[in-house]
Amino acid sequence: MIEVSNLTFQYPHQDQPVLQGLSLTIPTGQWLAVVGKNGSGKSTLARLIAGLLPTPAQTIRVNDLPVDEAHLAALHHQIGFVFQNPDNQFVGATVEADVAFGLENRQVPAAAMEPRIEQALAQVGMTAYRHHQPEQLSGGQKQRVAIAGALALQPQILILDEATSMLDPQGRQTVLQRLQQIHQAQALTIISITHDPVEVAMADQVAVLDQGQILRLATPAVVLNDQALVQQVGLVQPFSMQLRDRLQHYGVPVPKEYLTKGALEQWLKRQLATRA
Amino acid sequence: MNNKVLFGMYLPGNSLMHRLDPRLKLVGCFWFVILVFFARTWWTNLLLIGALGLVIWLSQVKFSKYWAGIRPLMWIILFTAVIQALFSSGGQVYWHWGWLAVTSAGVAQAGFLVLRFFLIITSSTVVTVTTTPLQLADALEALMKPLKYLRVPVSQLAMMVSIALRFVPTIMDEVGLIMNAQRARGMDFSSGSLFTRAKRLVPVMIPLFVAAFKRAEELAVAMEARGYDPNQARTKFRQLHWQRHDTWGTVVWGLLTVALVALRFVK
C-alpha cells in the first residue's frame, strides 16, 4: 500500500510548487492510471514515490516504509520504474545483460541470475531476443526489456512513467497486453502515468491530476465518460467510446458503462442476432 | 558493412582465437610486444613471425583483411623507416649527402623497425578482431582488479567504459539524425574548404552535446532506480571462465618465450 499525505513539492528553480497538498492512497495490487496535462505534476509524483527526488519528510509511505534518504535502498527493492525513453534506460550491451544489471546491483550471485533473467524475459515475451543488442530492437521491444529488468528484481510496485508514449501503436499494444497478463498473474501494484486512453481503460482506478492536486479519483468508466473532464486534461476518448456515443446519438441503446473494443463488438453482435 | 578490417574492429566468428579468454589475449598481446623488442636477430624475428602466423591462422580471418587494416598505417611506418635509415650510421656506406647517409647498418635497422611495427600492429589487431569491445572491457577490469587496493575505482571505470561502448551506436544514429535535420534546413556538409566544413559541423556538435547530457541525466536516474550505487560491490553476470584451451595458449606462449631466449643466448 502506498500512502501519500499532504504532499507539497517545489523544484528549486521554480517559483510555484508542482504538487500542492496532495493526498492519495493506493491499495496493494491496484492498477492506478495517473492522467493530467503536461506540467500537472504526474511525473514528479511518480518520482517522489520512488525516491528519485528528495521527498519531503513524513509525506509518503510505501508498504509502511517512509520514503527518505535512509530507506532508499529498501525502497528501490520494492519499486520497479520504467521510464519514457527506451534508449536512455538500456544499460546493458545485450538484452540479457540489461536485465542482469539490476541483479548485479543487488549482488545476486551469477548462478542465481540465470533463472530470474529467463523468467523475466518470458514474462514480457522477449526470450528469443536475449542475445540481441539494443540497436537491433524496436522501441516497444526495448520497453519490454526495461519491464523485464524491473520484474527480475521482483518488485511489489511497478511505476510506468509514460512508458508507452514513444512507441508505435503496435508496440504500445504488445507492451500493454504483457502488462495486463503480469498484473493478473501476480498481485503487482501498477502506477501508470499516461495520455493513452486505452492504457487508462486498463486501470482499476484513475487519478486525474490538475495543478498539483487530485481533481478526481474514480474508475476509468466514470472518468472516460465525463466529456468535460476528458477534454480538460487533454485525453482522447477511446475509439469504442466514441463509437458508443455516436450510436447513442442515433438512438441505439448502448449500455452506459465503459466497454472495450472487444466487449462492444460482442454486444453489437448479440443485438444484431436478436433483431434478426 | 564494408569488409575492410579497420584497426580494432571486431569480426564475429567462432574460431579458437575468438573463444580464448580475453584476459589471456590481452596479456598475451602485451607479452608479445615485449618479445618483439627483445628479438634482435633474424632467427628470433622469424620465430615471432611464425608465432604471429599461427595465431592469424587460428583466428580464421584472412590475412588480406589484416593487411587492409595495416595499409593505412604503412605510410607512417615507411616514413619512420626512411628517417631511421638516413640518420643512423655504421657499416658500409652506400650513399651520402652532407650529414645524411645510407649505411648497411641503417638499412638493417630500418628493416627491423618496419618488421617490429608490422608485428606489433598485426598482433594487436588479432586481439581486437577476435574480441568484442565488451569482452576487452571485462578483461581490463579483471586485470586491473589488484589496483583496487591502491584505491583506483576499477569497477566504476569499467562501468564507464561499458556504458560508453553501449552508447556508441546510439550516438552515431543521433549524429545522422542531427545532420539530416541540418541538411533539411539547407546545410551543405560536403563542399567548401576543410575549414568551412569543420565550421559547419558546429551546429551538429552543439545539439549532440546537449542531447548527450540529457541522455546522461536520464540514464543516471534510471540506473539509480535499478539500485546502482557506485560505491557498493556488485556481482557480475558475465563471468570469465578459464578453460583448457586457455591453459594451452599460455603454455604455447611460454614455450615461445623460452625458444626466443634460447635463440638469443645460445649463439
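The values are calculated or read from the model by the stated rules, or taken from the named source; none is laboratory data. Here the structure is a predicted model, which means the values were calculated and not measured. Here Cβ is always computed from backbone atoms with ideal geometry, including for glycine, and neighbour counts include all displayed protein chains. Quick note on the areas: whole protein, heavy atoms, side chains included, nothing else; ligands and nucleic acids left out. Shrake-Rupley method; radii C 1.70, N 1.55, O 1.52, S 1.80 Å.
Residue A:178 is checked against (1) within 14 Å of chain B (Cβ to nearest Cβ); (2) open to solvent by 60 Å² or more (accessible area, probe 1.4 Å); (3) touching a residue at least 40 places away in the same chain (Cβ under 8 Å) and fails just one. What number does that condition carry?
Only one criterion in (1) within 14 Å of chain B (Cβ to nearest Cβ); (2) open to solvent by 60 Å² or more (accessible area, probe 1.4 Å); (3) touching a residue at least 40 places away in the same chain (Cβ under 8 Å) is unmet by residue A:178, namely (1).
Can residue B:101 be described as in a helix (DSSP H, G or I) and either over 25 Å from residue B:209 (Cβ atoms) or within 12 Å of another protein chain (Cβ to nearest Cβ) (or both)?
no
Count, please, the residues in region B:159-186 that happen to be not charged (D, E, K, R) and not in a helix (DSSP H, G or I).
Initial filter on region B:159-186 (not charged (D, E, K, R)): B:159-165, B:167-172, B:175-182, B:184, B:186.
If we keep only those that are not in a helix (DSSP H, G or I) as well, we get B:186.
Matching residues across region B:159-186 total 1.
Can you tell me which residue within region B:131-158, out of those that are closer than 26 Å to residue A:131 by Cβ and not in a helix (DSSP H, G or I), is farthest from the other protein chains (Cβ to nearest Cβ)?
This residue is B:131.
For region A:45-60, does any single residue satisfy the condition of being within 10 Å of chain B (Cβ to nearest Cβ), farther than 16 Å from residue A:192 by Cα, touching a residue at least 40 places away in the same chain (Cβ under 8 Å) and open to solvent by 10 Å² or more (accessible area, probe 1.4 Å)?
For region A:45-60, residues within 10 Å of chain B (Cβ to nearest Cβ), farther than 16 Å from residue A:192 by Cα, touching a residue at least 40 places away in the same chain (Cβ under 8 Å) and open to solvent by 10 Å² or more (accessible area, probe 1.4 Å): present.
Out of region B:159-191, which residues are of a type in the set (A, V, I, L, M), in contact with a Pro (Cβ under 6 Å, 6 or more places away or on another chain) and more than 12 Å from chain A (Cβ to nearest Cβ)?
Once the filter is applied, which keeps residues that are of a type in the set (A, V, I, L, M), in contact with a Pro (Cβ under 6 Å, 6 or more places away or on another chain) and more than 12 Å from chain A (Cβ to nearest Cβ), region B:159-191 yields only B:178.
Consider residue B:78 against the criteria (1) under 16 Å from residue B:118 (Cβ atoms); (2) without any contact (Cβ under 8 Å) to a residue 12 or more places away in the chain: it satisfies all of them except one. Which criterion is unmet?
Of the numbered conditions (1) under 16 Å from residue B:118 (Cβ atoms); (2) without any contact (Cβ under 8 Å) to a residue 12 or more places away in the chain, the odd one out for residue B:78 is (2).
List pairs: first residue in region B:84-101 and farther than 16 Å from residue B:113 by Cα, second residue surrounded by 12 or more Cβ atoms within 10 Å (Cβ to Cβ) and polar (S, T, N, Q) anywhere in the structure, Cβ distance under 6 angstrom, at least six positions apart or on different chains.
Correct list of pairs: B:90/B:103; B:91/B:103; B:91/B:104; B:92/B:104; B:93/B:103.
To keep it simple, each residue is scored yes or no on (1) at pLDDT 85 or above; (2) open to solvent by 50 Å² or more (accessible area, probe 1.4 Å).
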position	(1), (2)
A:211	yes, yes
A:220	yes, no
A:241	no, no
A:259	no, no
A:266	yes, yes
A:270	yes, yes
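Would you tally the residues in region B:231-262 being open to solvent by 60 Å² or more (accessible area, probe 1.4 Å) and part of a helix (DSSP H, G or I)?
8
A quick yes/no check of all residues on (1) crowded, with 22+ Cβ neighbours inside 10 Å; (2) within 12 Å of chain B (Cβ to nearest Cβ); (3) under 24 Å from the mean Cα position of the chain (by Cα):
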| site | (1), (2), (3) |
| --- | --- |
| A:79 | yes, yes, yes |
| A:99 | yes, yes, yes |
| A:110 | no, yes, no |
| A:115 | no, no, no |
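Within region B:26-44, restricting attention to residues that are part of a helix (DSSP H, G or I) and open to solvent by 80 Å² or more (accessible area, probe 1.4 Å), which residue is modelled with the lowest pLDDT?
Only one residue fits best here, namely B:42.
Any idea how many residues of region A:156-180 are polar (S, T, N, Q) and under 15 Å from residue B:218 (Cβ atoms)?
1
(1) surrounded by 17 or more Cβ atoms within 10 Å (Cβ to Cβ); (2) more than 14 Å from chain B (Cβ to nearest Cβ); (3) modelled with pLDDT of 90 or more: which one isn't true of residue A:142, the others all being true?
The number of the failed condition is (2).
Table: residues versus (1) in contact with a helix residue (DSSP H, G or I) (Cβ under 9 Å, 6 or more places away or on another chain); (2) over 28 Å from residue A:89 (Cβ atoms); (3) among the small types (Gly, Ala, Ser).
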| position | (1), (2), (3) |
| --- | --- |
| B:188 | yes, yes, no |
| B:192 | yes, yes, yes |
| B:208 | yes, no, no |
| B:231 | yes, no, no |
| B:240 | yes, no, no |
| B:246 | yes, yes, no |
| B:249 | yes, yes, yes |
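Which number in (1) within 25 Å of residue A:240 (Cα to Cα); (2) under 11 Å from the mean Cα position of the chain (by Cα); (3) in contact (Cβ under 8 Å) with a residue 40 or more places away in the chain; (4) not in a strand (DSSP E or B) marks the one condition that residue A:160 misses?
Only one criterion is unmet by residue A:160, namely (4).
Looking for whichever is acidic (Asp, Glu) and under 25 Å from residue A:28 (Cβ atoms) here; the options are A:69, A:114. Which one fits?
Values: A:114 fails: under 25 Å from residue A:28 (Cβ atoms).
The unique qualifying residue is A:69.
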